[in-house]
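The values are calculated or read from the model by the stated rules, or taken from the named source; none is laboratory data. These figures come from a predicted structure and were not determined experimentally. Positions of Cβ are backbone-derived with ideal geometry, glycine not excepted, and every protein chain shown enters the neighbour counts.
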Amino acid sequence: MPVLSLQNVTKRFGGLVAVNNVSLTLEKGDLAGLIGPNGAGKTTIFNLLTGVYAPTEGSIQFNGQEISGRKPHQIARLGVCRTFQNIRLFPDLSVLDNVRTAASTHEQTGLIGTVLRTARFARAEGEVTAEAKRLLGLLNLNHLENEDARNLPYGDQRRLEIARALATRPELLLLDEPAAGMNPQESGDLMRLIRRLRDEFGLTILLIEHDMTVVMGVCEEITVLVYGQPIARGTPADIRNDPRVIEAYLGSEDSEAALETEAA
Amino acid sequence: MLSLRRILTVSATLGILLFLSFFLEQRLQAVAFRVVMLSGIAVVMAVSLNLINGFTGQFSIGHAGFQAVGAYAAAALTVYGHNRIFGNLPRSGQLPDTLQGFLLGAPAMICALLAGGLFAAVVGYVVGLPSLRLKGDYLAIVTLGFGEIIRVAVENTEAVGGPRGFTGNIREGIYIPNLTSFFWVYLMVVVVVVVSRNLRFSVQGLQYLSVREDEIAAQAMGVNTTRVKVNAFVLGAFFAGVAGALYAHFEQSVSPTSFGFVRSFDFVTMVVLGGLGSITGSVLAAVVLTALPEILRSSLGAEFNQYRLVAYALLLILLMLVRPQGIFGRGELRLDRLFGRKGGGGPAGRDNVEDQPAATELR
C-alpha cells in the first residue's frame with residue numbers, strides 16, 4: 001500500500017485553479033521532490049496534504065485512509081508533518097519548548113492531571129523532555145536549547161523546524177524549501193541529514209526546493225509542477241534533460257545548456 | 001499525588017490563611033481591609049483572564065460578564081437557599097464575629113463558590129465554542145457583546161432584582177450573607193495562581209502557548225487548537241465566576257452596572273500592564289491598579305481628590321510608554337532568582353505548592 005496517494009486532486013480559489021488534477025503516489029521510504037516555478041501550486045499541495053485546505057475535487061489517501069477534509073491536527077497525529085516555507089516557529093518559546101510542544105501531542109495527561117501534577121503527569125513530562133533533547137542532539141541544536149527560537153540564525157531555525165516536525169513522530173515528512181537561505185556548506189549538511197532521516201527513521205519524504213543542487217542531489221524522483229499541473233516526473237537525470245521542463249523554466253528558445261548552468 | 005510533602009504544604013497554606021484572616025480582619029482599618037479584599041478578588045480576575053489573553057493569546061474583553069454570571073448565580077443560591085438548603089445562615093462569616101460564624105458559613109460559601117464558578121464555566125463553554133473560531137478584533141467584539149448581553153439579561157430578570165440590583169431582599173429580611181472572609185479570597189488567589197503556574201510550566205501548557213505563538217504551526221504539530229482555546233476560555237470563566245461569588249458575598253449587593261464593559265477593560269488593563277502571559281505580572285498589576293486609586297484618594301488630600309483619576313490615567317500612560325511589554329513582559333518574577341536558589345516562588349511565595357522540579361528548567 002502506498003504511504004501517500006493523491007488522485008485527481010484539484011484546488012480552486014474562486015476562478016484560479018491552483019492545483020489542477022494532480023495525481024501522485026509515494027511508497028514507503030521514497031525521497032521525492034516537487035519543483036516548479038513560483039506560483040506553480042507546490043505549497044498549495046502541502047496545504048492540501050496537511051489539511052489547511054480541503055481539495056475541491058479528488059482524493060488524498062494516507063496509508064489507505066482518506067485524509068482530505070480532516071482537520072490539520074488530526075492529520076498531524078496520523079503521521080503527516082511538515083515544515084514551513086516562511087519559517088513558523090513559536091518565536092517566544094525556547095528551542096527546547098518548541099520541540100517539546102510537538103512531542104507533547106502524543107501524551108494524554110489532560111488538563112486535570114496537569115493542574116494536579118499527578119505521577120502520570122511527571123512521567124509524561126519526563127518522556128517528552130527526553131525525546132525533545134534527543135531530537136535536538138540529532139540536529140546539533142542541543143547547545144541552543146534554552147535560547148528563544150526567534151534569536152536563532154536562519155539556518156538553525158530551519159533545522160529547528162525539522163526537529164519540531166520529527167517530534168510529532170511522522171511517517172511522511174513534508175519539507176517546504178528546507179535549504180532556502182542556507183549557504184552551500186549548510187545545504188550540503190542538510191542533504192546528508194535528509195538522507196539520514198529517511199534511512200534511520202524509515203521516513204517517507206517529499207520536499208519542495210528551489211535549490212537545484214539540493215533537489216538533484218538528494219531526491220530520487222522529481223515531479224515538476226507548472227500552473228498547478230504536473231508536466232513531468234522522473235529521476236533527476238530525466239528531469240534535467242526533459243524539454244518540457246526546460247521550456248517551463250527557461251522559455252522555449254533557450255538552450256539546454258542554460259539549464260545545466262542553473263543546475264550546477 | 002498525595003505525597004506527605006503535598007499534604008503538609010496544603011495544610012500549612014490553609015493554616016497561614018486562617019491565621020491571617022483572623023489577624024487582619026481584627027486589626028486592619030475598614031478602608032484598608034476593603035482594599036485588601038478587593039485586591040484579592042481583582043487578582044483572581046486578572047490571573048484567570050491571563051489564562052485566556054496571556055496564554056492562548058485570544059483577546060477576550062468580556063471577562064466582567066463571567067464575573068457577573070458567577071456573582072448572581074452564587075448570590076441567588078445563598079439567598080434562595082437560606083433556611084432551605086443551608087439552614088439559618090449567619091449574617092457574617094468574617095472572623096471577628098466569632099469563629100462559629102465562619103464555620104457555619106463555610107458550607108454555604110463553598111457551594112456558592114462552586115455554583116458561581118460552574119455556572120460561569122458553562123456560559124463560557126456556550127459562548128466560547130462558536131466565538132473562538134474568530135480571531136483578534138472579531139473575537140474581542142463578540143466577547144464585548146457577550147458582556148453587554150449578560151448585563152441586559154440581568155437587568156430584565158426580576159428574580160435577581162432586575163435593574164435595581166440584588167441585595168437579596170426578595171424574601172423579606174433575608175440579604176446576601178457576608179460570607180466572604182479574607183480566608184476565602186486568598187484561598188482562591190492561591191488556587192488560581194497554582195493552577196495557572198502548573199499549567200504554564202508543563203508540556204500541556206506549552207500547547208496553550210503555542211496557540212498564541214503561531215496557531216497554524218500549532219495545528220500542524222498536532223495541537224487541537226480549538227480544544228485548547230475552549231479549555232482556556234472555560235477555565236478562565238470558571239475562576240471569573242468564583243471571583244464573582246466572592247464579590248457578591250463581600251459587597252452583599254450586586255448590580256448590573258458593577259460588571260459593565262468598563263470593568264472588563266480594567267481587567268484587560270491589569271493583564272496587559274503586568275505583561276501578557278505573566279502570572280506574577282497579573283497579580284502585581286491587579287493589586288497596584290486596585291490599591292492605587294484608594295491610595296491616591298487618601299494621599300492627595302481633599303482638594304486634589306478630583307484629580308485622582310487623571311493621575312491614575314497618567315501613571316498608566318507613563319508605564320506603557322516606558323515598558324510597552326508590561327511590567328514583567330512574558331517572564332515571571334521568581335523568588336529563587338531574586339534570593340539565590342531556594343524553593344519555588346511567586347508573589348509572597350504563594351505558589352510554592354510544588355512537587356515537581358519541572359519549573360526549574362524553564363522560565
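Which residue is modelled with the lowest pLDDT, if the candidates are limited to the range B:120-138 and must be farther than 20 Å from B:F239 by Cα and part of a helix (DSSP H, G or I)? So, considering only residues that are farther than 20 Å from B:F239 by Cα and part of a helix (DSSP H, G or I), the one modelled with the lowest pLDDT is B:G136.
Taking the listed residues B:L17, B:L38, B:L24, B:L51, the one that is within 12 Å of the chain's Cα centre (by Cα), surrounded by fewer than 21 Cβ atoms within 10 Å (Cβ to Cβ) and part of a helix (DSSP H, G or I) is B:L38, with no other qualifying.
Any residue that is modelled with pLDDT of 85 or more and either among the β-branched types (V, I, T) or part of a helix (DSSP H, G or I) (or both) - is there at least one of those in the range B:90-98? Working first, answer last.
The first filter runs over the range B:90-98 and keeps only residues modelled with pLDDT of 85 or more, leaving none.
For the range B:90-98, residues modelled with pLDDT of 85 or more and either among the β-branched types (V, I, T) or part of a helix (DSSP H, G or I) (or both): absent.
Comparison of A:L197, A:L160, A:L175, A:L139 shows that the only residue that is surrounded by 24 or more Cβ atoms within 10 Å (Cβ to Cβ) and more than 20 Å from B:L209 (Cβ to Cβ) is A:L175.
Taken together, the criteria place A:T235 among residues that are without any contact (Cβ under 8 Å) to a residue 24 or more places away in the chain and farther than 26 Å from A:A130 by Cβ.
When you check B:F22 against the structure, is it within 30 Å of B:G147 (Cα to Cα) and either out of contact with any Cys (no Cβ under 9 Å at 6 or more places or on another chain) or at pLDDT below 90 (or both), yes or no? Reasoning before the result, please.
Details: within 30 Å of B:G147 (Cα to Cα): no; either out of contact with any Cys (no Cβ under 9 Å at 6 or more places or on another chain) or at pLDDT below 90 (or both): yes.
No; evaluated as a whole, the condition is false for this residue.
Taken together, the residues in the range B:145-190 that are assigned to a helix (DSSP H, G or I) and surrounded by fewer than 18 Cβ atoms within 10 Å (Cβ to Cβ) amount to 11. Quick one: is A:G228 at pLDDT 80 or above, more than 24 Å from A:P184 (Cα to Cα), under 21 Å from the mean Cα position of the chain (by Cα) and surrounded by fewer than 16 Cβ atoms within 10 Å (Cβ to Cβ)? No: the conditions fail for A:G228.
With respect to (1) touching a residue at least 60 places away in the same chain (Cβ under 8 Å); (2) within 15 Å of B:V44 (Cα to Cα), the lone exception for B:Q252 is condition (2). When the strands (runs of 3 or more DSSP E) confined to the range A:15-94 are screened for residues that are on the phi < 0 side of the Ramachandran plot and away from every other protein chain (no Cβ under 14 Å), those reaching at least 2 such residues are found at A:16-26, A:31-35, A:57-62.
Every listed requirement among (1) without any contact (Cβ under 8 Å) to a residue 40 or more places away in the chain; (2) in contact with a Leu (Cβ under 7 Å, 6 or more places away or on another chain); (3) within 13 Å of B:V203 (Cβ to Cβ) is met by A:L135 save one, (3).
The helices (runs of 4 or more DSSP H) falling completely within the range B:206-317 that include 2 or more residues that are away from chain A (no Cβ under 14 Å) map to B:225-251, B:261-274, B:279-299.
Condition first: within 13 Å of another protein chain (Cβ to nearest Cβ), at pLDDT 90 or above and under 23 Å from A:T50 (Cβ atoms). Can you find one or more residues in the range A:181-197 that meet it?
Here is the first cut: in the range A:181-197, the ones within 13 Å of another protein chain (Cβ to nearest Cβ) are none.
No: zero hits.
On inspection, A:R123 qualifies as in a helix (DSSP H, G or I), surrounded by fewer than 19 Cβ atoms within 10 Å (Cβ to Cβ) and either among the small types (G, A, S) or modelled with pLDDT under 90 (or both).
All conditions but one from (1) of a type in the set (A, V, I, L, M, F, W, C); (2) within 14 Å of chain A (Cβ to nearest Cβ); (3) in contact (Cβ under 8 Å) with a residue 12 or more places away in the chain apply to B:V189; the one that does not is (2). Per the listing A:L175, A:L135, the residue uniquely more than 8 Å from chain B (Cβ to nearest Cβ) and either assigned to a strand (DSSP E or B) or of a type in the set (D, E) (or both) is A:L175. Only one of the listed residues (A:E145, A:E186) is surrounded by fewer than 23 Cβ atoms within 10 Å (Cβ to Cβ) and closer than 16 Å to B:L206 by Cα. That residue is A:E145.
When the residues of the range A:1-21 are filtered to those that are surrounded by 14 or more Cβ atoms within 10 Å (Cβ to Cβ) and in contact with a Lys or Arg (Cβ under 9 Å, 6 or more places away or on another chain), the one that is farthest from A:R196 (Cα to Cα) is A:V17. If the condition is being of a type in the set (D, E) and crowded, with 18+ Cβ neighbours inside 10 Å, then the range A:231-255 contributes only A:D242. Within the range A:104-131, residues that are more than 8 Å from chain B (Cβ to nearest Cβ) reach partners that are of a type in the set (G, A, S) with beta carbons closer than 6 Å, at six or more positions or on different chains, in the pairs A:R120/A:G113; A:E131/A:A103.
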